[in-house]
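Heads up, the thing below is written out as structure tokens.
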Amino acid sequence: MENVFDYEDIQLIPEKCIVKSRKECDTSIEFGGRKFRLPVVPSNMQTIIDEKIAIYLAENDYFYIMHRFKPETRLDFVKEMQERGLYASISVGVKEEEFDFIIELADAGLTPEYITIDIAHGHADTVISMIKHIKKYLPNSFVIAGNVGTPQAVRDLEQAGADATKVGIGPGKVCITKIKTGFGTGGWQLAALRWCAKAATKPVIADGGIRTHGDIAKSIRFGASMVMIGSLFAGHEESPGETIEKDGKLYKEYFGSASEFQKGERRNVEGKKMWVEYKGPLQNTLTEMEEDLQSSISYAGGNKLSALRNVDYVIVKNSIFNGDRVY
Ligand SMILES: NC(=O)C1=CN([C@@H]2O[C@H](COP(=O)(O)OP(=O)(O)OC[C@H]3O[C@@H](n4cnc5c(N)ncnc54)[C@H](OP(=O)(O)O)[C@@H]3O)[C@@H](O)[C@H]2O)C=CC1
Ligand SMILES: Nc1nc2c(ncn2[C@@H]2O[C@H](COP(=O)(O)O)[C@@H](O)[C@H]2O)c(=O)[nH]1
């Protein structure tokens, strides 16, 4: 790998503005045959999304992926979403019973519009088998497969039939994969995204490591069609995690899907828990993300998301933040 960098090492370079107001900039994206208001999806984690948030996001034209940690509820979830006239987007793993679940859905005549294969090390024969299995039994589901961190992995999963791949091993805020295993894209996620996106012939989702709204624009610049975000979506009024009060301030829990809090046991733990400051309603964050991304598009000299794809950038290693904070 030649240039290795992460989000905080990059600044995008402005182009001449062509709009009179940032409101003219369109942040929408087509993904898997549907149009969404933002190229952003909250992480499919138990402290980030639940059924209520999924319904809210689907009703308001945002993309969502439901987590897979209450497996017995998934069939009814798909049924309920589709009865409401909403799209169904679920996650699966790769264990034996997950293969049975796909057949169960097919037997029930249910085709989720999106199925995400969600495991830590997605460049695996088990994932390739699951992609093929889904394509056999539910050929009309849009299959997202991950997570991966190399061009070869992207090629192999696309070759197996994946409609999109998800890139990011270890850059997450509650992730300890790089510390526990020595592997991953933590610390160079943006460069890994670029590397993978160059090999991809289908959409790529950048997953993990987004710390500011500007990182969404950077992800688009480096090849992402969609950006998966956990920590920035934790801490909302609607967030499913527990709420505590400390010294008069509210905090909400955010834990990793491979943490002992998720697993209920201390085996192969690659995630931790943290407490995130309470942030108020989810819609406020979605609105601010949209406004910030509209602004990014205007700096890119365009009026739609594609303007971000070709802007120039500079690498300013470790020097952007200098202790800066948004608030
Ligand atoms: N994006 C990221 O960086 C990471 C994300 N996660 C998240 O944590 C959750 C749990 O993930 P995961 O443990 O994969 O899910 P599962 O517990 O469902 O495990 C997936 C299967 O793959 C096997 N496996 C083989 N090698 C590995 C490996 N290196 N890492 C994990 N599994 C392996 C597991 O067997 P066995 O358990 O016996 O080894 C199991 O059968 C997911 O939601 C995942 O997205 C977890 C870590 C990193
Ligand atoms: N290594 C681990 N990664 C995890 C775990 N649980 C979730 N994740 C990944 O993190 C992102 C969210 O990252 P953030 O920086 O936006 O907070 C999420 O989408 C997963 O890919 C875990 O336990 N270990």
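Determine the gain in length on full extension of the stretch residue 179-residue 268; use 0.36 nm per residue of separation and subtract their C-alpha separation, reporting nm with one decimal. Before the final figure, lay out each step's value.
Numbers: separation 89, 0.36 × 89 = 32.04 nm, distance 1.27 nm.
Here the segment from residue 179 to residue 268 would lengthen by 30.8 nm.
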Problem set entry | Percent antiparallel among DSSP beta bridges (both partners in the chain, rounded to 5) | 40
Problem set entry | Cβ-based exposure ranking for 259, 89, in which fewest neighbours within 10 Å come first | 259, 89
For this session: Sequence neighbours fewer than 8 away in the same chain don't count; with that in mind, list the aspartates and glutamates whose C-alpha is under 16 Å from residue 246.
Result: 277
For this session: State which entries of 52/218; 52/202; 178/273; 218/273; 95/135 exceed 25 angstrom in Cα-Cα distance in the structure shown.
Result: 52/218; 52/202; 218/273
Exercise. Counting Lys and Arg as +1 and Asp and Glu as -1, each charge on the Cβ, what is the dipole of the stretch 1-104 about the Cα centre in debye, to the nearest 20?
Worked result: 620
For this session: Can you tell me the relative contact order of the stretch 175-310? Whole percent, Cα pairs under 8 Å, sequence separation 6 or more.
Result: 22
Problem set entry | the chain, dipole about Cα centre (Lys/Arg Cβ +1, Asp/Glu Cβ -1), debye to the nearest 20 | 800
Seminar exercise, completed: Sorting 150, 27, 278 by the position of each Cα along the dipole of the chain (Lys, Arg +1; Asp, Glu -1; all at Cβ), the one nearest the positive end of that ordering is 150
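Sum up the charges of everything whose Cβ sits under 15 Å from the Cβ of residue 57, counting Lys and Arg as +1 and Asp and Glu as -1, but leave residue 57 out. Numbers along the way, then the final one.
On the way: positive: 34, 35, 37, 52, 84; negative: 50, 51, 59, 61, 80, 113, 237, 238, 290.
It works out to a net charge of -4.
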Seminar exercise, completed: Which residues qualify? For residue 304, with a placed amide H closer than 5 Å and at least 5 residues away or on another chain, they are 26
Seminar exercise, completed: For 195, 275, ascending order of other Cβ atoms within 10 Å (fewest first) is 275, 195
Problem set entry | Dipole magnitude of the stretch 32-84 about its Cα centre (Cβ charges: Lys, Arg +1; Asp, Glu -1), debye to nearest 20 | 200
Problem set entry | Residues with amide H under 5 Å from that of residue 250, placed H, sequence gap 5 or more | 278
Exercise. So how far, in whole Å, is the C-alpha centre of the stretch 82-123 from the one of the stretch 1-80?
Worked result: 19
Problem set entry | For the stretch 259-312 versus the stretch 187-234, the gap between their alpha-carbon centres in whole angstrom | 10
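When 213, 236, 121 are ordered from fewest to most other Cβ atoms inside 10 Å of their Cβ, what list results?
Going from least to most buried by this count: 121, 213, 236.
Values in this text are rule-based calculations from the coordinates and carry no lab data. On a predicted model such as this, the values are computed, not experimentally measured, just so you know. Quick reminder, even Gly has a Cβ in these numbers, built from the backbone with ideal geometry, and neighbours come from all protein chains shown.
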